[in-house]
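In what follows, a structure is listed as structure tokens, so that the remarks can point back to it.
Coordinate-derived values only; no laboratory data. Since this is a predicted model, take the numbers as computed values, not measurements. For neighbour counting, all protein chains shown are included, and Cβ atoms are generated from backbone atoms with ideal geometry for every residue, glycine included.
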Amino acid sequence: ITAYTKDAIEMSGKKAVTLMSKHGKPLAILRNPEIYVNRKEEIVARIFGVIDRGHPYIKHIYTGGDWLLGGEIELLERIRYNDGLDKFRLTAPETMKAIEAKNADAVFAFQTRN
């Protein structure tokens with residue numbers, strides 16, 4: 001986040017922040033916000049093992065604000081990407097229900113990153 005947003009959150013004295021989409025739609029409520037310094041160089045070095053500002057992901061990290069925001073998130077509704085894959089994005093209870101419905105005795109999962 002930017003210094004402006006950091007100061008607004010800290011000075012408000014509020015215990016919750018509404019997270020908005022880039023179109024102004026409320027997406028979630030962040031409760032008990034915590035603000036951290038965005039240690040970009042440390043994050044990049046630990047994740048990538050090199051500091052190469054030409055790398056697209058590293059460049060993305062460096063273009064972020066100087067502060068990070070954390071806390072407990074309450075989604076106001078399920079996030080949809082409208083990419084044809086939303087039907088496969090299940091919550092933990094939905095996943096358990098699907099496994100039980102198949103009467104499976106073993107479950108194998110695969111997750112990709114980036």
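Data overview
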item: Hey, residue 54 surrounded by fewer than 11 Cβ atoms within 10 Å (Cβ to Cβ), among the small types (Gly, Ala, Ser) and out of contact with any Lys or Arg (no Cβ under 6 Å at 6 or more places or on another chain) or not; result: yes
item: Qualifying positions in the range 73-114 - under 19 Å from the mean Cα position of the chain (by Cα), aliphatic (A, V, I, L, M) and surrounded by 10 or more Cβ atoms within 10 Å (Cβ to Cβ); result: 73, 75, 76, 79, 90
item: Residues (of a type in the set (A, V, I, L, M) and free of Cβ contacts under 8 Å to residues at least 40 places away in the same chain) located in the range 29-52; result: 35, 37, 43, 44, 45, 47, 50, 51
item: Residue match in the range 6-24 (condition: in contact with a Leu (Cβ under 6 Å, 6 or more places away or on another chain), closer than 29 Å to residue 110 by Cα and of a type in the set (A, V, I, L, M, F, W, C)); result: no
item: The range 91-114 residues that are closer than 25 Å to residue 77 by Cα, paired with ones that are β-branched (Val, Ile, Thr) (beta carbon under 9 Å, 6 or more apart); result: 95/107; 99/107
